[in-house]
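A.B. asks: Would you mind keeping the following structure in view while I ask a few things?
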Amino acid sequence: ARPWAAVLALAAATFSVVTTEMLPVGLLPSLARDLHVSAGTAGLALTLPGLAAAAAAPLLPVAVRRADRRTVLWVLLLLLAAANLLTAHAPVFEVLLAARLLVGVCIGGVWAVAAGLGGRLLPGPAAGRATAVIFSGIAVASVLGVPAGTLLGSFAGRAWAFTAMAGCALAVAGALAVLLPPLPAERPVRLGTFPGLLRRPPVRRALTTVALLVTGHFAAYTYVRPVLQRTPDTGPALVSALLLGYGLAGVAGNFAGGALAARDPRRGLRLIAALLGAVVLLLIPAAGSVAVSAALLLVWGVAYGGVSVSAQNLLSAAAPQDPEAASALFAGVFNTAIALGALTGGRLADGPGLTAVLGAGALLALAAALAATPAAAPAGERRGRRGWRWRGWRGRRA
């Protein structure tokens, strides 16, 4: 039972960083109002940590390459608690952005280190299930973390929402220190490792798919609350309930995506991207119907729930000898995409409007589905393979 307890502690760590990262989505209107900035400017509370996480993900494993991973993780959770406290009591927007910069460092570090530990804690056939459980913290953050934080912030204010997250991060830091076994670095990551990985076509294709898909998702999802509020008779309570349904669907999607990724992660990621793009596009004409918007939001949750675990499995398969370096690249690209998505959505929301936000998100997701499809073999090569099969058949018949 001890390895599974350690896996659950890692899931709690991913829950903590993702809830902290995404909490401004639910509090975006109140953040803008409290700190006297526009909704698009308030979106920088998502953009900045994404950029910081993208830089920290590859650099932190290099900086702590020989440190015990257990120590690295609980120290990062302590830093996350401090950043949440600073966010809770920031008097001006600039101080809040400084706190969110620290949040980004924690996000990048936890993702880079924790994402590939499932196989170390439970090697063999259980490794895939362990990885799915670790990434389930992301989906549970959508189900419990962000809605609960949004509800608390709506009634008691920003300070209480982020202070609660600081307490959660402290508790998780203690759990990691107690439940994780010693995890010395297996193969220290160096800066020179990353160019070698990027020269591999499967790694490049996987990272391109992740970049397009996550940018498209966050361009749309960052502004999902005002999108839902366009629908007549949709008040704050109903929107919160719809986002809870989205999160529950994401939990199911996480484990469904994990099962699909265990068989064929590339095909699974391509299917997820195509489904997500179609759903976001259909939300444009669905603005007049609560029922249709709710159904599409549930399908969106199922689709996005499988993204992280499918992409992690795909990167692990593409770089089996450098799992932590592959996880660091994955985390860097993922968080860059979060930042770009939030920034793109903010510019479009302040300019052309919410229809353009949804359209851009859908097109990027559909482009990701195309990027996940490997290039066809040249015609001569295909003819050569067909000719070989035909001659072999004739030879066997003779």
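The values are calculated or read from the model by the stated rules, or taken from the named source; none is laboratory data. Remember, it's a predicted structure, so these values are computed and weren't measured experimentally. All Cβ positions, even for glycine, are placed from backbone atoms using ideal geometry, and neighbour counts span all protein chains on display. Accessible surface is based on the protein model in full, side chains and every heavy atom, while ligands, DNA and RNA are left aside. Shrake-Rupley method; radii C 1.70, N 1.55, O 1.52, S 1.80 Å.
A.B. asks: Most mobile of ALA278, ALA372, ALA237 per a Gaussian network model of the chain (Cα springs, under 10 Å)?
C.D. replies: ALA237
A.B. asks: Which distance in Å, rounded to a whole number, links the C-alpha centroids of the stretch 32-98 and the stretch 222-265?
C.D. replies: Between the Cα centre of the stretch 32-98 and that of the stretch 222-265, the gap is 24 Å.
A.B. asks: Follow-up question, since we're still on this one. Where only protein heavy atoms count, and the probe is 1.4 Å, what is the accessible area per residue for the stretch 13-113 in Å²? Could the numbers behind the result be given before it?
C.D. replies: On the way: 3240 Å² over 101 residues.
With the other protein chains kept in place, the stretch 13-113 gives 32 Å² per residue.
A.B. asks: Separate question: What does the charge count around ARG65 come to, taking other residues whose C-beta lies under 12 Å from its C-beta (Lys +1, Arg +1, Asp -1, Glu -1)?
C.D. replies: Details: positive: ARG66, ARG69, ARG187, ARG190; negative: ASP68, GLU186, GLU324.
Net charge around ARG65: +1.
A.B. asks: Could you work out the Rg to Rh ratio of the stretch 107-176, with Rh taken as the Kirkwood radius (inverse of the mean 1/r over all Cα pairs)? Could the numbers behind the result be given before it?
C.D. replies: Details: Rg = 14.9 Å, Rh = 13.8 Å.
Over the Cα atoms of the stretch 107-176, Rg/Rh equals 1.08.
A.B. asks: Now for a separate question. For the chain, compute the orientation-averaged projected area of the C-alpha convex hull (one quarter of its surface), in nm².
C.D. replies: Details: hull surface 87.7 nm².
About 21.9 nm², averaged over all directions.
A.B. asks: Restricting attention to the alpha-carbon atoms of the stretch 80-212, what are Rg (one decimal) and Dmax (integer), both in Å?
C.D. replies: 18.0, 51
A.B. asks: Which percent of the accessible area of the chain is formed by carbon and sulfur heavy atoms (probe 1.4 angstrom)? Can you show the working numbers first?
C.D. replies: On the way: 11100 of 16100 Å².
Answer for the chain is 69 percent, counting heavy atoms of protein chains only.
A.B. asks: Here's another thing I want to ask about it. May I have the convex hull volume per residue, in Å³, for the Cα set of the stretch 63-123? Can you show the working numbers first?
C.D. replies: On the way: hull volume 4.7 nm³, N = 61.
So the per-residue hull volume is 77 Å³.
A.B. asks: Return the whole-Å distance between the Cα centroid of the stretch 161-195 and the Cα centroid of the stretch 292-314.
C.D. replies: 26 Å
A.B. asks: While we're here: So which DSSP H runs in the chain come out at 30 Å plus along the axis (Cα) with average Kyte-Doolittle of at least 0.0? Walk me through the numbers on the way to the answer.
C.D. replies: Working: long enough: 2-34 (46 Å, 0.94); 93-114 (31 Å, 1.96); 158-179 (31 Å, 1.65); 236-263 (40 Å, 1.22); 323-350 (40 Å, 0.84).
Going by DSSP H runs, the hits are 2-34, 93-114, 158-179, 236-263, 323-350.
A.B. asks: Under 13 Å from the Cβ of ASN335, count the other residues' Cβ atoms, weight Lys and Arg +1, Asp and Glu -1, and hand me the total.
C.D. replies: Values: positive: ARG100; negative: GLU21.
Around ASN335, the surrounding residues sum to 0.
A.B. asks: Given Cα pairs under 8 Å that are at least 6 residues apart, what percent is the relative contact order of the stretch 1-117?
C.D. replies: On the way: 117 pairs, mean separation 43.8, N = 117.
Answer for the stretch 1-117 is 37 percent.
A.B. asks: Please work out how much length the chain gains when fully extended from ASP34 to ARG187, using 0.36 nm per residue of separation minus the C-alpha to C-alpha distance, in nm with one decimal. Each step should come with its number before you reach the end.
C.D. replies: Values: separation 153, 0.36 × 153 = 55.08 nm, distance 4.68 nm.
Difference between extended and current length: 50.4 nm.
A.B. asks: At what distance in nm do the modelled label points of ALA317 and TRP160 sit from each other, each positioned 7 Å from its Cα along Cα→Cβ?
C.D. replies: Reported label-point gap for ALA317 and TRP160 is 4.7 nm.
A.B. asks: Suppose the chain between LEU151 and VAL95 were pulled fully straight at 0.36 nm per residue; how much longer would it get relative to their current alpha carbon spacing?
C.D. replies: In short, 17.8 nm is gained.
A.B. asks: Could you tell me the relative contact order of the chain? Use alpha-carbon pairs under 8 Å, at least six residues apart, and round to a whole percent.
C.D. replies: Across the chain, relative contact order equals 26 percent.
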